[in-house]
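Asks: Take this structure, written in structure tokens, and hold onto it; I'll ask about it next.
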């Protein structure tokens, strides 16, 4: 295949896999999936959030919730963390049919940077959750 493309005037910003700077971000939950734990003795929920406002709009933030972990205290902590997301969005927490009721609804997360270990590089970690800022955008269901 032959084509012509000039990228000489394109600025390359931070790599997409570099963590966002620590701080508060308006986000919306966009997707989730169940994944097996490394030891195959449980599953966790991996959620994908999109930054909706500011210089980093469009960037993704990921968070894991160990809702089905073998350790009960880990499960309790994950369920409390997910309930905080529900509260920030204004949802009662009844998620019998999945997380879809939480999709495309704005809320805020405070991100920190986990330096990484075991061969993994630095990544963002959701430290706190709060209701959306006044500038938060609400995605249209057809978007």
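The values are calculated or read from the model by the stated rules, or taken from the named source; none is laboratory data. Model, not experiment: these values are computed from the prediction. Neighbour counts are summed over all protein chains in view; Cβ atoms, including those assigned to glycine, are modelled from backbone coordinates with ideal geometry.
Asks: For the stretch 88-101: of the residues being in contact with a strand residue (DSSP E or B) (Cβ under 8 Å, 6 or more places away or on another chain) and farther than 15 Å from residue 136 by Cα, which is surrounded by the most Cβ atoms within 10 Å (Cβ to Cβ)?
Replies: 99
Asks: Filtering the stretch 20-47 down to residues that are in a loop (DSSP other than H, G, I, E, B) and at pLDDT below 95, which residue is farthest from residue 99 (Cα to Cα)?
Replies: 39
Asks: When the residues of the stretch 85-101 are narrowed to those that are closer than 14 Å to residue 47 by Cα and at pLDDT 95 or above, which ends up nearest to the chain's Cα centre (by Cα)?
Replies: Applying the filter and picking the extreme gives 85.
Asks: Given the criteria within 16 Å of the chain's Cα centre (by Cα), closer than 26 Å to residue 131 by Cα and not in a loop (DSSP other than H, G, I, E, B), does residue 57 qualify?
Replies: When the stated conditions are applied, residue 57 does not pass them.
Asks: Shifting gears a bit: Taking the stretch 113-126 only, how many residues are loosely packed, with under 14 Cβ neighbours inside 10 Å and under 20 Å from residue 58 (Cα atoms)?
Replies: 1
Asks: Name every residue in the stretch 78-112 that is on the phi > 0 side of the Ramachandran plot and in contact with a helix residue (DSSP H, G or I) (Cβ under 9 Å, 6 or more places away or on another chain), in order of residue number.
Replies: 93, the sole residue that qualifies.
Asks: Quick check, is residue 45 on the phi < 0 side of the Ramachandran plot, surrounded by 10 or more Cβ atoms within 10 Å (Cβ to Cβ) and under 13 Å from the mean Cα position of the chain (by Cα)?
Replies: So residue 45 fits the description; yes.
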